[in-house]
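Report on the following structure.
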Amino acid sequence: MPPQRNASKSKLQKLKSKRQSQIPPAKPQTQETRTPTHQSPEWLSLRGVFAALVVDNRELQCYEKDINELTRTATCFVESEAGKSYYFQLKRGSDPALRGVALSSALYIDGDPTPICKNLMESERDLICVRSIPSGPNETRPLVFSPVETTGAIATMSKR
């Protein structure tokens, strides 16, 4: 479903402070009891299906969400920490039209056009978690954030 991309720390800090000033603090909820809604800043939502990346049992905040109903894609930036393991979570919403329907998803990283994994949620399941991806014929590896290399260069444009 969503491609997830790493964003620079300064951009994320600006987005976080702007977002935090607009949203009142939420009550802490455990992962098991949390019900995603369209207002949940951590979850992407597309046609009643919710997706998130989870690190240390908490959903990562999504920044600059882009939901495209036509192509049925949802994208965002997430803050990453090199070396941290994460997993992809997909939840079926409560819409009765989604009951008894198989759902498929694909996870893309850093805008790469090749998905790192594809999933099929059977019609009777309401949740899937992807914690690892194939790395060989009979091998898997965990999902781990890679280091982000930045040049530190600042680009500016002006019109005279």
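The values are calculated or read from the model by the stated rules, or taken from the named source; none is laboratory data. What you see is a predicted model, and the numbers here were worked out from it, not measured in a lab. Note that each Cβ is placed from the backbone with ideal geometry, even for glycine, and that neighbours are counted across all protein chains shown. For the accessible areas, the whole protein counts, side chains as well, though only heavy atoms, and no ligand, DNA or RNA atoms are used. Shrake-Rupley method; radii C 1.70, N 1.55, O 1.52, S 1.80 Å.
The table below lists the values:
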quantity	calculated
Alpha-carbon Rg/Rh ratio, for region 55-140, with Rh computed the Kirkwood way	0.96
√(5λ) per eigenvalue of the Cα gyration tensor, region 48-103, largest first, Å	24, 15, 8
Area accessible to solvent at Thr73, 1.4 Å probe radius, in Å²	50
Computed E for Thr73/Ala102 - FRET, C-beta separation, R0 22 angstrom, nearest 0.05	0.75
Ile109, Ile133, ranked by accessible area, largest first (probe 1.4 Å)	Ile109, Ile133
